[in-house]
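A.B. asks: Attaching a single structure in structure tokens format; questions to follow.
Bear in mind that the values in this text are calculations on the coordinates, not laboratory data. Computed from a prediction, not measured in an experiment: that's the story for all the values here. So basically every Cβ, Gly included, is an ideal-geometry build from the backbone, and we count neighbours across all protein chains shown.
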Amino acid sequence: MILNLTPHPIRLYAHEREDGIDDLEPHLLEVIEPEATPARLATIELGGGFTFEMVEFGHAQNLPPKRDGHQYIVSLVVALAVADRRSDLLVPYREVRNASGTIIGCRSLAQPV
């Protein structure tokens, strides 16, 4: 089972889907709707000065524990932050873009290592 822990629907397209098309339907294989609570990368503010803040990244929030038979789609930053501890995370890969260059889906999912 694949669960979507991003805040957006994940549209999976066939590899032959071309970029630059505004219509969402051509070569659409599946839409994975988001779960209610997305996984996010938490921050811890460490202080700083007037022109910048020192911020620690790398703490995933709302990421469920590993469960047999489950994989989770998360943002790339969340996956990279915990890649050394989690083998059940997937990210959108080979993005599909519309005519204005906005990402509307992907052609596959990847497992960061």
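A.B. asks: Report ³J(HN,Hα) in whole Hz for each residue of region 42-57, in order, from the Karplus equation J = 6.51 cos²θ - 1.76 cosθ + 1.60 where θ = phi - 60°; Gly and Pro get x.
C.D. replies: Going residue by residue, I get 6, 10, 10, 7, 9, x, x, x, 5, 9, 7, 10, 8, 10, 9, 10 Hz, with x marking Gly and Pro.
A.B. asks: Then there is this: Would you work out which of 77, 59, 103 lies farthest towards the positive end of the dipole of the chain? Charges go on Cβ: Lys and Arg +1, Asp and Glu -1.
C.D. replies: So the residue furthest toward the plus end is 59.
A.B. asks: Right, next: Given a cut-off of under 8 Å on Cα pairs at least six residues apart, what relative contact order in percent is computed for the chain? Write down the numbers at each step before the final one.
C.D. replies: On the way: 239 pairs, mean separation 33.6, N = 113.
Once divided by the residue count of the chain, the mean separation gives 30 percent.
A.B. asks: Across the Cα atoms of the chain, what radius of gyration and what greatest pairwise Cα-Cα distance (Dmax) are found, in Å?
C.D. replies: When restricted to Cα atoms, the chain yields Rg and Dmax of 16.3, 50 Å.
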